[in-house]
Amino acid sequence: MNRSGLSRFSRFRGRRARFEHDRSDRAAQDERLRVLCRTAKQAGIGTTRALAERLSREGVDLDIPRLAGLKAALDGEARPLKPDVFEAAGAEIPADALRLMERALDGQLAIAGFGGFSGRIANLFDYARENRAGTVASYIPELARQDPDRFGLAVCSLDGQRLALGNAEQAFCLQSVVKPLNYALALALNGENQVHRHVGREPSGRRFNELALDPDNRPHNPMINSGAIMCTAMIRPSRSVTDRQELVQRFVASAAGGAACGFDEAVYRSERQTAARNLSLVKLMDEHDAFPEGADTDAALDLYFRTCSLTLDCQGLSVAAAMLANGGVCPLTGHRVIDPRIGRNTLSLMLTCGMYDYSGEYAFSVGLPAKSGVSGGLMIVIPGIAGIALFSPRLDRQGNCVRGIEFSRRLIEDYPFHIFAGVATD
């Protein structure tokens, strides 16, 4: 991209993660409200309805949990925009919501000019839809029944700006897209040293289910089947498998801002009935004493199948991706889901290992942390800006969503989101 192209999108810049709500003292908050109301008036926004419409045009979803107080203040009939309007609503407006309104008025939200951005994303979505290459995964019989033409996309920014296209509200089976979240949960429960005593951090350069370990007799990384099974072995091993599954579901739902995280029993049973390769992986790791001492390897494999059979829609998955982009804080709830270091480790492995044996090419040409799954899901993280989720069952020979790859390439052509885009100079 030339310099003029970069300057056009210079406002798409990452910034520090937004953490739990900090509460200013009452006098400072009142002063900020007065300044905000004056700024809005100077911009021709004189009523609560006009402010709500401005936020909507900027893509801000007022229905997200962390903006509940702001929504209460702006709902109803149009009223003059004054500080006492917020007080009369009877709901506290946290400092984070005030900053969001200030950034919206200044054109400084995570995605500036959201209307134009949305239009361009819709165009890229339509381009990708025309790509009908690839085939639906057939080695898991239940996945083979998917509609090959189904296609959905969702975006969620750090400021709660949201976009949904196509079949974005239809849930799908996560399959390997759940692996980064399982890894993050295993880190949170066990610590980095313990997890990486049993699973490596290097790209394998091999198929995701190949019978191979690293020189230390560990799975190469958490993003391939053997490494993902190892991670599930470290998720609350003393509890029952169903309790552990429910823990993972709650964790995924929290990362997704409270979205419904379901369980596809038919896919789970189909996975169990076609488990020969994964059973071989477990036996290989067990033979080399790779598992933590006392691990129940059968339970670990069963939990792996169960987590792969969890379901989420593109909107929920985009929020989980935005959580990773936001240093571990969910942009819809404002709650910390994982520690920043866990987020950093997870994104590092998504960048280097997240796209099966296409990971090196994807890192080179797209330059964003991502994770694909053989059901057709794809989670993309734009650090400091947003998360994107896509679903299309048509897969390439590596097992990646064909339309997702097409969309990714075109996205990077239009926006300087590649993590090394800022390095290039004329």
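The values are calculated or read from the model by the stated rules, or taken from the named source; none is laboratory data. The shown structure was predicted, so the numbers you read here are calculated from the model rather than taken from an experiment. Cβ coordinates were reconstructed from backbone atoms using ideal geometry, including for glycine residues, and neighbour counts include every protein chain displayed. Side chains are part of the model used for accessible areas, which takes the heavy atoms of the whole protein and leaves out ligands, DNA and RNA. Shrake-Rupley method; radii C 1.70, N 1.55, O 1.52, S 1.80 Å.
Please go through segment 384-426 and give me each residue that is in a loop (DSSP other than H, G, I, E, B) and acidic (Asp, Glu), ordered by number.
Once the filter is applied, which keeps residues that are in a loop (DSSP other than H, G, I, E, B) and acidic (Asp, Glu), segment 384-426 yields 396, 426.
Give me the residue from segment 168-226 that is in contact with a strand residue (DSSP E or B) (Cβ under 9 Å, 6 or more places away or on another chain) and part of a loop (DSSP other than H, G, I, E, B) and, out of that set, surrounded by the fewest Cβ atoms within 10 Å (Cβ to Cβ).
Ranking the candidates gives 169 first.
In segment 28-52, which residue that is more than 16 Å from residue 85 (Cα to Cα) and open to solvent by less than 70 Å² (accessible area, probe 1.4 Å) is modelled with the lowest pLDDT?
Restricting to residues being more than 16 Å from residue 85 (Cα to Cα) and open to solvent by less than 70 Å² (accessible area, probe 1.4 Å), the top hit is 28.
Being crowded, with 22+ Cβ neighbours inside 10 Å, closer than 16 Å to residue 331 by Cβ and in contact with a Gly (Cβ under 8 Å, 6 or more places away or on another chain) narrows it down to one of 55, 109, so name that one.
None of the other options fit; the residue is 109.
For segment 300-342, which positions are in contact with a Phe, Trp or Tyr (Cβ under 6 Å, 6 or more places away or on another chain) and part of a loop (DSSP other than H, G, I, E, B)?
Once the filter is applied, which keeps residues that are in contact with a Phe, Trp or Tyr (Cβ under 6 Å, 6 or more places away or on another chain) and part of a loop (DSSP other than H, G, I, E, B), segment 300-342 yields only 309.
Restrict the check to segment 143-158 and report whether at least one residue is open to solvent by less than 30 Å² (accessible area, probe 1.4 Å) and among the polar types (S, T, N, Q).
There is at least one residue in segment 143-158 that is open to solvent by less than 30 Å² (accessible area, probe 1.4 Å) and among the polar types (S, T, N, Q).
Looking at segment 251-273, is at least one residue charged (D, E, K, R) and in contact with a strand residue (DSSP E or B) (Cβ under 8 Å, 6 or more places away or on another chain)?
Within segment 251-273 (the criterion being charged (D, E, K, R) and in contact with a strand residue (DSSP E or B) (Cβ under 8 Å, 6 or more places away or on another chain)), the answer is yes, since at least one residue qualifies.
Of all residues in segment 360-396 being in contact with a helix residue (DSSP H, G or I) (Cβ under 9 Å, 6 or more places away or on another chain) and free of Cβ contacts under 8 Å to residues at least 40 places away in the same chain, which is least open to solvent (accessible area, probe 1.4 Å)?
370
Which one is modelled with the lowest pLDDT among residues in segment 315-354 that are open to solvent by 10 Å² or more (accessible area, probe 1.4 Å), of a type in the set (Val, Ile, Thr) and under 21 Å from residue 100 (Cβ atoms)?
The residue in question is 333.
Of all residues in segment 211-224, count the ones that are within 19 Å of residue 358 (Cβ to Cβ) and in contact with an Asp or Glu (Cβ under 9 Å, 6 or more places away or on another chain).
Going through segment 211-224 one residue at a time, the tally reaches 3.
Just a yes or no: is a residue in segment 93-103 open to solvent by 10 Å² or more (accessible area, probe 1.4 Å) and of a type in the set (A, V, I, L, M)?
Checking segment 93-103: not a single residue is open to solvent by 10 Å² or more (accessible area, probe 1.4 Å) and of a type in the set (A, V, I, L, M).
Is at least one residue of segment 330-345 without any contact (Cβ under 8 Å) to a residue 24 or more places away in the chain, within 18 Å of residue 187 (Cα to Cα) and of a type outside the set (Val, Ile, Thr)?
Yes.
Does segment 403-416 contain any residue that is over 20 Å from residue 314 (Cβ atoms) and hydroxyl-bearing (Ser, Thr, Tyr)?
Checking segment 403-416: not a single residue is over 20 Å from residue 314 (Cβ atoms) and hydroxyl-bearing (Ser, Thr, Tyr).
With 166, 205, 113 as the choices, which residue is out of contact with any His (no Cβ under 7 Å at 6 or more places or on another chain), at pLDDT below 95 and over 27 Å from residue 221 (Cα atoms)?
From the options 166, 205, 113, the qualifying one is 113.
Here is a check on your reading of the model: is residue 243 over 30 Å from residue 157 (Cβ atoms) and either in a loop (DSSP other than H, G, I, E, B) or polar (S, T, N, Q) (or both)?
Considered against the rule, which asks whether it is over 30 Å from residue 157 (Cβ atoms) and either in a loop (DSSP other than H, G, I, E, B) or polar (S, T, N, Q) (or both), residue 243 comes out as no.
For residues that are exposed (fewer than 15 other Cβ atoms within 10 Å of the Cβ) and among the small types (Gly, Ala, Ser), tally how many sit in segment 263-289.
Within segment 263-289, residues that are exposed (fewer than 15 other Cβ atoms within 10 Å of the Cβ) and among the small types (Gly, Ala, Ser) number 3.
From 294, 367, 384, grab the single residue that is small (Gly, Ala, Ser) and at pLDDT below 95.
Matching residue, one of 294, 367, 384: 294.
For residue 357, are the conditions met, namely being acidic (Asp, Glu), touching a strand residue (DSSP E or B) at 6+ places or on another chain (Cβ under 8 Å) and open to solvent by 10 Å² or more (accessible area, probe 1.4 Å)?
The answer is no for residue 357.
Checking residue 292 against (1) touching a helix residue (DSSP H, G or I) at 6+ places or on another chain (Cβ under 8 Å); (2) open to solvent by less than 40 Å² (accessible area, probe 1.4 Å); (3) closer than 30 Å to residue 159 by Cβ; (4) not in a helix (DSSP H, G or I), only one condition comes out false. Which one?
(3)
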